[in-house]
Amino acid sequence: MINQEITPGFITVEFLGIPKLKAGVSFCKVPAGSLSSVIDYLKNQFPRLSQEFLPSPSGKSHVLYSLNGDYFLHDPETILLEGQQLLIISADAGG
Amino acid sequence: MDIKEKMFGYHQKYLKIDVETGASFEVPIPAEVSRKFIGGVGLGAWILFRESKQGMNSLAPEAPLIFCFSPLVGTPLTTSAKFAVLAKSPLTNRISDALSSSHFAIEAKKTGFDAIVITGRSATKRIVIIEEGKVTLQNADDLQGLSALATSEKLHTRLAAGFQIAAIGLAGENQVLFANLSHERRHAGRGGLGAVLGSKNIKAIAVKGNTRMAVAFPAKLVEKARELSAKSFGPATAKYRELGTVSNLLVFNRLSVLPTRNFQEGHFAAIDKQDFQEVDKAAKVTRHSCAACTIGCEHIYESKLGKVRIEYESMFALGSLCGIENADDIAELVGLCDEFGLDTISTGGTIAFAMECVEKGMLAEPWLQFGSMAAAKKAIGLIANREGLGKILSLGSRQAAHLIGQGSIAFAPQVKGLEIPGYEPRGLQTMALGLAVASRGADHNRSGAYEADFSPPTGEVLDNSAIARSAVESENRSALIDSLILCKFLRGVFSNLFAESAELLSLVTGWDMDEVELRLAAERVVAIKKLFNIREGWSIEEDTLPERFFTEALETQSGGQNRLSKTALQQRIGAYYQARNWDDVGDIGIQELRRLGLEEFCNESDLQTIKG
């Protein structure tokens, strides 16, 4: 886990790859809440990111959400708690 | 002429060349075979099976090296300028099929053949020149020791305009078992195909042709090609286009699946020094694309050795795997491997293995320490020249482990002798299965099973059957893409790969193909590669991972542990065989061979021959 100062009531979002390129930053603080509320917040804060949240032709998302780097989240109602870290990465892991 | 009678997309023959005598002759390919195996890796595997003898030494004169083309190459379809190279691997003694790209593929198809088969051993070092159907051999003494790139540049001045060249470097000449074969900085990298060409005393193949390949529905194909190109500019390929595969470094590190210090760790403390998104801002990186490609994934880095194509696999293998921190240093090592013609994954894997042997006191080479750029540089030179320790390391980590002994095989990072790519099996357990069962050894290109691991949960219980089905589906998709041939970086733009590929292939060939037919073809391609391995002595014991992955847990960055149970992997392998309709020990029965249309192997006595 990356050491980030905990801000009361906020989670830390970390961008990697294309999401980082589109957001223009590596980290930001977002009010804790459901995954969908975090995504809505990010869409407003970083309009260039919006396209990344749309599904690909195969129906999959272009981005993945990982909680603390441990596992991926799917359910938009998942509650993210203060101090947690949400990684947003490109869904394609090919190399 | 009725398009059902005319053969579009294929020349219906391959060219067989004996470089010992200079003789060449044409061999017909039945239409049924082309349709069943498509092209590229599939058709190449069929030719390899046919042209090779059971138990042959992969570096013997009679062992064939096959360049195989595809029905799509030369069409306006984006990323279709690719070719396959196949042989029995000297590194694994199993099938090796690798892909390379760009103008060589287009020009080679224009020589009028669907494949070129090289056999024999020239008495002196030579190059093979194929112009239309005419084959000549020329002296290559002046090319000795040159890199593939320098060889191509020199030949471009010697030969008439328009030739495209695939060549080997010093490592191929010296028959290093993981030497590659290159064209325009794109490598048919894995399994030592460069050593096979080197064993024939052939430095390069130059091709030129004028035979245009007709397609069945040219106007519709152009329309479809435009659609595909437009899609290829979208977000599904953005990672490759904007950042290149090297962007995986930071992502994999963050998820604790970046192989580090010979798979002793899953994340690398110094990874921030390899953030190419920051390097990019310093304008050290430029972009490039293969011929007929609209993605443009190549990111070219200005290293001390000049321009180097940086890819995730090369950077991980010569970076975190060897504990080397600095991006400039790693790029220089990649450049050095390119200069010598070495597969970067196997080079990095073998050096990292040797570094751990030194660390554990199993190998008295104290200079070879994790993190030492100087040591890695020295080791690469020794391997390419097969000098000193390089004599052992040039055999790859599996054979090196057998020579070093002391139980070191437990941490030799290989499957079937092929070094493991940059996907940590303990953190990516579907990929662990894909790595264990792949025909050519540990492989991220013939199995993209990591896609299942890099997916959010769907609610489905991920039992062994589900994991096995994911691995099977991934292999089938790869088999199709590698036979068409298209670039895998395009896969995300398809909503139904098999159905849309059937449409593309139908437009080129005039055949009325559908999803069902291509799904079966993909299964057939996987099966014939497995049959080749069975014939060459494969046994179920080969479908596994090094013992380290079962006995050592991997610490994650968040303080957890990733573990892989041997029992679980074995159960998943069993489920994989079942999903493929193979028997309990991984053999393919006659009934399944019939289902796949592999009737030529269906005869009971033939099957016994295959199984040896």
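Going from the residue with the fewest nearby Cβ atoms within 10 Å to the one with the most, B:Glu592, B:Glu311 rank B:Glu592, B:Glu311.
Across peptide B:237-244, the mean count of Cβ atoms from other chains lying within 10 Å of each residue's own Cβ comes to 5.
Cross-link partners of B:Lys566 among lysines, defined as those whose alpha carbon lies under 26 angstrom from its own and excluding same-chain residues fewer than eight positions apart: B:Lys360, B:Lys416, B:Lys529, B:Lys530. Pairs of Lys residues in segment B:153-262 are counted when their Cα atoms are under 23 angstrom apart and they lie 8 or more places apart or on different chains; the count is 6.
With the Kirkwood sum run over all distinct C-alpha pairs, segment B:430-611 has a hydrodynamic radius of 17.7 Å.
Checked against a 26 Å cut-off, the cross-linked pairs A:Lys60/B:Lys488; B:Lys109/B:Lys488; B:Lys109/B:Lys284 give Cα-Cα distances beyond that limit for B:Lys109/B:Lys284.
Per-residue ellipticity at 222 nm from helix content only, as computed over chain B with -39500 (n - 2.57) for each DSSP H run of at least four residues, stands at -11500 deg cm²/dmol. Put a dot 7 Å past the Cα of B:Arg50, heading toward its Cβ, do the same for B:Ser465, and the two dots end up 3.9 nm apart. Please say if chain B is rounded, prolate or oblate, where rounded means a/c under 1.5 for a ≥ b ≥ c the square roots of the C-alpha gyration tensor eigenvalues, and otherwise the choice is prolate for a/b larger than b/c and oblate otherwise? Cα axes put chain B in the rounded bin.
Look at B:Tyr423, A:Tyr41 and count the other Cβ atoms within 10 Å of each Cβ; fewest to most, that gives A:Tyr41, B:Tyr423. Take B:121-128, B:526-533 and order them by the average number of nearby Cβ atoms within 10 Å per residue, most first; the result is B:526-533, B:121-128. With neighbours defined as other Cβ atoms within 10 Å of a residue's Cβ, the residues B:Leu181, B:Leu243, B:Leu393 order from fewest to most as B:Leu243, B:Leu393, B:Leu181. Remind me, relative contact order of chain A in percent, using alpha carbon pairs under 8 angstrom and six or more residues apart? Reported as a whole number, the value is 38 percent. If one takes the longest principal axis of the Cα atoms in chain A, at what angle in degrees, from 0 to 90 and to the nearest 10, does the Cα axis of helix A:35-45 lie? It works out to around 80 degrees.
Cα centroids of segment B:247-291 and segment B:511-581: 27 Å apart. For B:Lys377, a cut-off of 18 angstrom between C-alpha atoms picks up these lysines, skipping any fewer than 8 places away in its own chain: B:Lys304, B:Lys307, B:Lys391.
Readers should treat all values here as calculations from the given coordinates under stated rules, not as data from a laboratory. Because the structure is predicted, anything quoted here is derived from the model rather than measured. No Cβ is skipped: glycine too gets one built from the backbone with ideal geometry, and neighbour counts run over all protein chains shown.
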